[in-house]
Structures are given as C-alpha cells and as structure tokens.
Amino acid sequence: MSLRTHAGMLALTFTVLTGCPTPQQEGGLSDYRAQEVRVENGAGINGPGINGPGINGPGINGPGINGPGINGSSINGPGTNGPGTNGPGTNGPGINGAGLTGTGVVGLTLTSTVYNGPGLNGPGTNGPGTNGSGTNGSGTNGSGTNGSGTNGTPVTGLWLNGSELNATVSGQNIKGASVVGIEFHYSYQPTASSAPFLFTVRIDSAALDTTAKIPPGQPNDVWMYNLLWRQDNANPAPAWQSLCVTETGGPDQSLMLSNRWDLVTGNRIDQPSFITFACRDFALGKCARLGYRPWAKATTCSGSGSRRTCKEVALTDHHQSCVRMMRADYCGTGKSYTVNGTLIDIYDYLNPPIQVPETDWDIEARWTPTGAICINEPRHPELVGRWKRPDCNGDGKPDSFPACGQSDNRYSGKGLLVNRFNDDQSRCGK
C-alpha cells in the first residue's frame, strides 16, 4: 500500500532537514493512507504523549511542549541528534507505570486519576431524582460534586482491552464512550530544587475509528480518544488544548496502547501495567491504524503443498517493525533517516495479508522489530551518507547491510514487513 511518511518537527518552524524539496502528497489517497501514515521523527515516535504539552509546559522550555519536545529541537534539536529523533519520548511516559503513579519519565508523577463525567447512573451518582432536585437529587450527589463537578470520583482501576480503556469508579466498571470525563493529574519536577509543574489530561470524547484498517471478518476494535490538557493552579485558568496535534498544528486524536517505548532507542518495553497515549499522527498510532494492531493476532504460513503449515501470531512484532519502517530507522536505534511527505508502499507476508503492494517501485528494505535486515537504495541517501549505508555503531564507517534484491522469491518470509520506494521522489545525494 502506498503511503505518505512524515519526519518533520512537531513545531512547524523546525521542519528544515535538508535542501531537498519535500514531495507533495499523492492525490486520491484515503484518510488512513494519506493522513495517518506520516512518520514523525521530529517530536518523537509518539508525538507529545502524556508528557507532551505538560511536562515542561508553556513558558518553561519554550512555546508549548519544550519547543517541539523534550528532546526535540530544544535539547537535541537539529544539532547533535538531528531533527528531534528522540522527541518527547518514543511513547510518552505511560499512564500506570508501577501502580497508578509511575510514568517512566524521571520527575513526572501521576498524582491522581478521577472521573468527572456526566455520572455513573444518569446525570449524577444518584440520578436526577430519588429525592427530587434537592440534597440527593440533581444537587449535591447528582450532577454536582460526584458527577461532572470539580473534584470528581477517584478511579481505582485502569486497564486496556485491546485499545479500549476500562476503568473502575465507585465499584463499577466503565468503558467505551463512558470513560469520557476521566482526568489524569500530573506533577512534573525534574530536580529537587525546581518548582513542580502541575497539569491535567482529560478524556473529552471516545469513539471507534471508522477509518482504521480492519481485516475482513474482524470487528473494529480501534478506539480513538480526544485528549485535552491544561496547566493547573493558573489564574486565570487557561483554555483546554489538544494533547495531540496534526502536522499543521490542528487538534488530533490518540490511541491508547499497552506497554511503553524507550525514550531514545524506540524499543518496545513490555510492561503491560503501562498505558501509552499514541497520537494518531505519529508512528505508533499510525501503524496500529494501518492494521498492525499490537493487541491483535493474524495468521502466517510457511512451506508448500503437503508441507504447508500455518500458525497464529500476535501482531506486536509487526507493529514494532512498522514503527521502524515508517521512520526509516534502519539501525533500530531510534535514529530516523527520512523526511516529511515521502511516499512508500508497504506489504507483509501474513495470510491473508493486511497490506499488499500497490506499485512496481523498487524494494527499499525489509523490516523486523530491530530495524532493517537488508537495504537496497535508502529512500533518502543524502541523510545516510556517501556510502548509502547508515553508521549504526558510531565508528564513522558504514555498517554492512546486504542488498535485498528485487525478488520476493529470494527473500520470501525474511522480515515481517517490506517497503518499496519511488526514487524519483528524491534525487538528493544521487
């Protein structure tokens, strides 16, 4: 399937990576291709994440999120580490961590989680009216203090079923659109001498993603959430802002994924107690929406004739391979070698496949969760260097990647995903 990738900075003023023009978007692409398959190595694999606009907040480290991210153009920026390869963290810090307070980011603590929705039993805990509109009606215990009011009801449990958030509130389990109104309260204090920065992330809406790629015969289980954030204890209270943004700065949605990802290398860290906010405009969210849902399963087959065998496999490694591929992270170290707007065509060897090739472009690379296993012509050799092979270990020499060839027969079954690239898009370095 032909896709548009995106590797620019979250802040639109930090998009210059090379002197090469960025190709224009291919016309006629559906939403999940054109909009959700951009590779974002500027602000991080997962965009701002939970730590996003809140961690260093507006005014502490520049406009918004610390510039475009914790390690975006502010700290590692377009200098030492390129255009924000490390971003604000591959996955953000996660929600749960150890219990309900850990986040995986030093200095960032989830102080509380509360439910400030419309109420558990109608417009309030006690509904609009066992006792009319008085003390126990729509007042104190109705849509007020314990309903959509200020303090909310403590959330005592959080977990994911696929990408659907489940929570326990007042002994009841809520999920789906009923989680709207849950608020995550954070404190960020990077050093003992710094004043804590307090902020809240709120679930403003929740619905199934009607544009996600779902294999035939399977139910749609991709939930999208509108997450808003604002600084606490500010006077006047600031307006709520979208936690996730598109490449043009508009508000965007988020998925929720189990586990977390290393802030630098992009490695998935299997800790199911973590819940990661995966902005849909960044690689973690995009790859899930392309059909490589890390919580789902698919079938893979090998051999032929009477020796053909098939087995069910989890898509966790396909999702991670997709993240590496989208960002042209050949080495599997978190360093990206692509630029905004680059079109690629991807496919897999699943049975039936989730994505199939749609072009006759040349094969660029074959991918596993640890990066590329072979490379033909890198999509942007001007970023790789004169050897057209990346220097993965930092010794100043190109690493040895075998050529992939152009035949699937030779490499069939090697690598989980394959991508093709039209080298007419970029003549830089050729």
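The values are calculated or read from the model by the stated rules, or taken from the named source; none is laboratory data. For clarity, every value in this text was computed on a predicted model and none was experimentally measured. Neighbour counts run over all protein chains shown; Cβ positions are idealised from the backbone, glycine included.
A few points about this structure:
- Output for region 222-243, where each listed residue is assigned to a loop (DSSP other than H, G, I, E, B) and surrounded by 21 or more Cβ atoms within 10 Å (Cβ to Cβ): Val222, Leu243
- Within region 168-185, the set of residues being surrounded by fewer than 20 Cβ atoms within 10 Å (Cβ to Cβ) and either of a type in the set (Ser, Thr, Tyr) or not in a loop (DSSP other than H, G, I, E, B) (or both) comprises Thr168, Ser170, Gln172, Asn173, Lys175, Gly176, Ala177, Ser178, Glu183, His185.
- Residue in region 278-312 that is nearest to Asp345 (Cα to Cα), counting only those that are free of Cβ contacts under 8 Å to residues at least 24 places away in the same chain and not in a helix (DSSP H, G or I): Lys297
- Residue within region 317-329 that is basic (Lys, Arg), free of Cβ contacts under 8 Å to residues at least 60 places away in the same chain and under 27 Å from Gly217 (Cα atoms) present: no
- Only one of the numbered conditions (1) modelled with pLDDT of 90 or more; (2) surrounded by 20 or more Cβ atoms within 10 Å (Cβ to Cβ) is violated by Gln425, and that is (1).
- Restricting region 342-353 to residues that are hydroxyl-bearing (Ser, Thr, Tyr) and part of a loop (DSSP other than H, G, I, E, B), the residue that is nearest to Phe421 (Cα to Cα): Thr342
- With respect to being over 20 Å from Gly104 (Cβ atoms), β-branched (Val, Ile, Thr) and assigned to a loop (DSSP other than H, G, I, E, B), Thr265 falls outside the description.
- Among the residues making up region 268-284, those that are within 19 Å of Ser336 (Cα to Cα) and aliphatic (A, V, I, L, M) are Ala278, Ala283, Leu284.
- Residue check for Val323: in a strand (DSSP E or B), over 17 Å from Glu377 (Cα atoms) and of a type in the set (A, V, I, L, M, F, W, C): no
- The requirement of being at negative phi, surrounded by 15 or more Cβ atoms within 10 Å (Cβ to Cβ), at pLDDT below 95 and of a type in the set (S, T, N, Q) is satisfied by Thr246.
- For the residues Val339, Val356, the requirement of being touching a residue at least 60 places away in the same chain (Cβ under 8 Å), in a loop (DSSP other than H, G, I, E, B) and in contact with a Phe, Trp or Tyr (Cβ under 6 Å, 6 or more places away or on another chain) singles out Val356.
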